[in-house]
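Before any comments, here is the structure.
What follows draws every value from the coordinates through simple rules; no lab data is involved. Nothing here was measured: the structure is a model prediction, and the numbers come from that model. Quick reminder, even Gly has a Cβ in these numbers, built from the backbone with ideal geometry, and neighbours come from all protein chains shown.
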Amino acid sequence: MEEIRLTGTNQHRAPEGLSTLSSLIIDRGDIYLDNGAIHGKAKIDQGIRYVTQREDVPHARKVVIVWLTLYRGPKGQGFNGVASCDYFVDEESASGYKNLAVQVNQMEKAVKGKVDITSLEPSEYKLLQKFVREFRPDLYEHASDVFLSAFSEESSFAQE
């Protein structure tokens, strides 16, 4: 069973809420854990110079960051909050655009146990849904009710 590496498990002292935070990257139809994104140091960020206008990124490719938190509920440890936001990169020009205020606000929502994945396209939602259900089934089974409702088959996200 693979463990989710949380920011609170390294040598740095993370604030209480951030100790349960992980980050996922959705890029080119793939989804993977990259906790470097919490500090703006994801693999996708390496070598990229971020600009203040999206229009300044010539061949922008959408990348999604998903903030995911855990909590300990009555059934045990499970998923709690999840929020997503987009940013754009172009490796050829080594440039990218991301709105840090949006990223921080979405991170805060996840830390507070809220769900906001409205930025996801249906294919991205399906990837995330598959990930949270299969990566660690025990975390999904013990997830908060709000989290579970976002990933149920009846969810408005699943219907799109």
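Given Cα positions, please report Rg to Rh for region 7-159, the hydrodynamic radius being the Kirkwood one. On the Cα set of region 7-159, Rg over Rh gives 0.97.
Each residue, Lys43 and Gln77, gets one label point 7 Å from its Cα in the Cβ direction; the gap between the two is 2.4 nm. Using the Cβ-Cβ distance between Glu153 and Glu121 with R0 set to 22 Å, the FRET efficiency works out to roughly 0.75. A crude spin-label estimate for the pair Gln53 and Ser93, with each label 7 Å from Cα along the Cβ direction, gives 1.1 nm. Note: relative contact order over region 31-83, using C-alpha pairs below 8 Å and six or more positions apart, is 20 percent. Between Arg61 and Asp145, the simple label model (points 7 Å from Cα in the Cβ direction) yields a spacing of 4.2 nm.
The length gained on full extension between Ala101 and Asp30, counted as 0.36 nm times the residue separation minus their Cα-Cα distance, comes to 23.0 nm. Among Val102, Val64, the ranking by other beta carbons within 10 Å of each residue's beta carbon, starting with the fewest, stands as Val102, Val64. Neighbours of Asp116, meaning other residues whose beta-carbon lies under 11 angstrom from its beta-carbon, give a summed charge of +2 when Lys and Arg score +1 and Asp and Glu score -1.
Give, as a single signed number, the net charge of other residues whose beta carbon lies under 10 Å from the beta carbon of Lys75, with Lys and Arg counted +1 and Asp and Glu -1. So the environment of Lys75 carries a net charge of -1.
3J(HN,Hα) along region 24-40: 10, 10, 10, 8, 6, x, 10, 10, 7, 6, 8, 6, x, 4, 4, 10, x Hz, from the Karplus curve 6.51 cos²θ - 1.76 cosθ + 1.60 with θ = phi - 60°, whole Hz, x for Gly and Pro.
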